[in-house]
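First the structure, which I've put down as structure tokens, then a few questions once you've had a look.
The values are calculated or read from the model by the stated rules, or taken from the named source; none is laboratory data. For clarity, every value in this text was computed on a predicted model and none was experimentally measured. For neighbour counting, all protein chains shown are included, and Cβ atoms are generated from backbone atoms with ideal geometry for every residue, glycine included.
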Amino acid sequence: MVSNVTMISIVFQGCFVISFVVALFFIMRKRERFSIRAVWVGALVFFVFSQVLEKILHIIVLQGKTEPHGLLANPLLFAVYGALAAGIFEEAGRYFGFRLLLKHNRKRRDGIAYGLGHGGFEAIFIAGMSSIQTLVYAVMINTDKLERSLGGKASPGVLADIKSKLLNASFYDFLLGGLERIPALFIQIALSLIVLYAVRAKRKIVLVYAILLHALIDFTPALYQAYPGKISLWFVEILLLIIGIGAFWLISRSRKWQIWSMELN
């Protein structure tokens, strides 16, 4: 059976992420006095570009299969593909949002608001929904309903993997899953400011830099998923924390960027 400690940690993960996103929103709203419009645009664009358009690309590339095949069967190539796809779609989405949907909301505070919408929705959608799904699986395992409920929708290998992960999970596995959304959210805000800089300065090369930076950040987590058990989870989390600290520094330093004082044409 899935232990009570594991069940509690699953619930804690979802509650922690949602609480953090909400608290950061109100703190930043009070401090920056940004427009809610930019927050909603950030959330909407993330959903459309990342969860719809990018997923369509994956269906085309993987030809509807659940497992990588062909060239992408190579874990290294699959990690490169996944990281680049995320970078291209998410940063192109930001550029689209600032260029077409936020023509009158292009100040620094709007970049922060967009990043909160983008990263906040990502955190709640990924961590929140993941917690709910994982909790449902745990309850199914404890009531011997997993195979009966999912037997026709998932292969025996997938079901065995779900059971193994939950039955052998430790408390910190889910704790790390919640804590990692903190640096990830600051990274999304920093990337939003970089793309907004590209829009304001009319320098598309900066957008390319943002895409490559995003892909580089996503590469190690993608490699961790491609090589299960080969790369330490702690290594991935510590690396993400270091990058998150760098993102926080960039957000703070962005106040001094001269681009904010330039008149827009």
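Could you list all residues from the stretch 247-265 that are of a type outside the set (S, T, N, Q), without any contact (Cβ under 8 Å) to a residue 24 or more places away in the chain and assigned to a helix (DSSP H, G or I)? Reasoning before the result, please.
Within the stretch 247-265, the first condition is being of a type outside the set (S, T, N, Q), and the residues that meet it are 247-251, 253, 255-257, 259-260, 262-264.
Checking the rest, the ones that are also without any contact (Cβ under 8 Å) to a residue 24 or more places away in the chain come to 249, 253, 256, 263.
Passing the criteria: 249, 253, 256.
Considering only the stretch 83-176, give the helices (runs of 4 or more DSSP H) lying wholly within it that have at least 2 residues that are over 30 Å from residue 25 (Cβ atoms).
Numbers: elements: 108-123, 129-142, 146-150, 156-167.
It comes to 129-142, 146-150, 156-167.
If I filter the stretch 143-192 down to residues being polar (S, T, N, Q) and surrounded by 20 or more Cβ atoms within 10 Å (Cβ to Cβ), which single residue comes out as nearest to residue 124 (Cα to Cα)?
The initial filter retains those residues of the stretch 143-192 that are polar (S, T, N, Q), namely 143, 149, 155, 164, 168, 170, 188, 192.
Keeping just the survivors that are surrounded by 20 or more Cβ atoms within 10 Å (Cβ to Cβ) gives 188, 192.
Numbers: 188: 14, 192: 18 Å.
Top of the filtered list is 188.
Please pick out the residue among 84, 57, 76, 24 that is loosely packed, with under 15 Cβ neighbours inside 10 Å, under 30 Å from residue 208 (Cβ atoms) and touching a residue at least 60 places away in the same chain (Cβ under 8 Å). Talk me through it step by step, then tell me what you get.
On the way: 84 fails: loosely packed, with under 15 Cβ neighbours inside 10 Å; 57 fails: touching a residue at least 60 places away in the same chain (Cβ under 8 Å); 24 fails: loosely packed, with under 15 Cβ neighbours inside 10 Å.
It is 76.
Report yes if some residue within the stretch 243-263 is at pLDDT below 95, surrounded by fewer than 14 Cβ atoms within 10 Å (Cβ to Cβ) and of a type in the set (Asp, Glu); otherwise report no.
Scanning the stretch 243-263 turns up at least one residue that is at pLDDT below 95, surrounded by fewer than 14 Cβ atoms within 10 Å (Cβ to Cβ) and of a type in the set (Asp, Glu).
Moving to a separate point now. For the stretch 183-235: of the residues being hydroxyl-bearing (Ser, Thr, Tyr) and either in contact with a Pro (Cβ under 8 Å, 6 or more places away or on another chain) or more than 23 Å from residue 79 (Cβ to Cβ) (or both), which is modelled with the lowest pLDDT?
First, pick out the residues of the stretch 183-235 that are hydroxyl-bearing (Ser, Thr, Tyr): 192, 197, 209, 220, 224, 227, 232.
Checking which are either in contact with a Pro (Cβ under 8 Å, 6 or more places away or on another chain) or more than 23 Å from residue 79 (Cβ to Cβ) (or both) leaves us with 192, 197, 227.
Working: 192: 98, 197: 97, 227: 80.
By that ranking, first place goes to 227.
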